[in-house]
Amino acid sequence: MSALRSYPRFVTIEGGEGAGKTTVLRALCEALQAGGDEVVCTREPGGTPLAEMIRGLLLDPGHAPASAQTELLLVFAARAQHVAETIVPALERGAWVISDRFTDSSYAYQGGGRGLDAARIAGLERDYVGIEPALTLLLDLGVAQGRARARGRDPRPDRIESERDEFFERVRAAFLQRAQAHPARFRVIDATRTADVVAADAVRALQTLRVPA
Ligand code: T5A
């Protein structure tokens, strides 16, 4: 049995660079708000003032290179604050929480990308996070296509975006492995299609969730 508490209104969006997560986040939040539900739309690293400051440290190209361990601890420091200050209070009052990235990103980037041991990440998840989403939408597309989209949005790469293609191939493989290992929680969405089609798929997946009234 999982040591993590699963909340039925907690949904995460995952994927590599430029996969379209922000675009899907907007579509899900609008769909829930149109139904009159309270929804907290958030992101990682970030989602609180302190966690957004940690995001700045993590992504600032001027801080390269951080050791893989430092990077892991920083993403979990930001996540611990995000969970305590934003996510759990919202879920406890019955709101939806939709997060652009969560712990699966650490398994993919720090585990797959940087090569850190998944057991170590699982220990931090158990000790400092303690919760998991009911639904994770993994937007999957090739590395070259994703990087081209991300560059189209902002041509200046941040510290992690400056990594080589091989790094992002390992990230993608790790995400797909996570999806395979947790089939009840994950839906893999083909993100090569147009933004509208991808968003519609994501909204349909959300509608399959069983939530208490
Ligand atoms: N990180 C994060 C870790 O290493 N460990 C962790 O534990 C966590 C939580 C920041 C970085 O932090 C790392 C991973 C990241 O490197 P981020 O801000 O989520 O995370 O970084 P990105 O993945 O770089 O976010 P992007 O904003 O680049 O990508 P999105 O959100 O996936 O894509 P989006 O929606 O902004 O779209 C990008 C562009 O493509 C277009 C959009 O209009 C936009 O211009 N687009 C499409 N075009 C064609 N077809 C579609 N279907 C499209 N969907 C969007």
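Nothing in this text is a laboratory measurement; each read-out follows from the coordinates by a stated rule. Nothing here was measured: the structure is a model prediction, and the numbers come from that model. Note that we place each Cβ from the backbone using ideal geometry, even for glycine, and neighbour counts take in every protein chain shown.
For the range 9-108, the list of trypsin sites (Lys or Arg not before Pro) that fall in a loop by DSSP and count at most 12 other C-beta atoms within 10 angstrom reads ARG93.
Take each of the peptides 10-18, 205-213, 152-160, average the number of other beta-carbon atoms within 10 Å over its residues, and list them starting from the highest.
Details: 10-18: 25.0, 205-213: 10.4, 152-160: 12.1.
For the peptides 10-18, 205-213, 152-160, the packing ranking is 10-18, 152-160, 205-213.
In percent, rounded to a whole number, the relative contact order of the chain is 35, using alpha-carbon pairs under 8 Å and six or more apart. Distance from the alpha carbon centroid of the range 29-84 to that of the range 155-211 works out to 17 angstrom.
When each pair of different Cα atoms in the chain is counted once in the 1/r mean, what is the Kirkwood radius in angstroms, to one decimal? Its Kirkwood hydrodynamic radius stands at 17.3 Å.
What value, in deg cm²/dmol to 500, does the helix sum -39500 (n - 2.57) over DSSP H runs of n ≥ 4 give at 222 nm once divided by the residues of the chain?
Values: 8 runs with 93 residues, N = 213.
The helix-only estimate for the chain comes to -13500 deg cm²/dmol at 222 nm.
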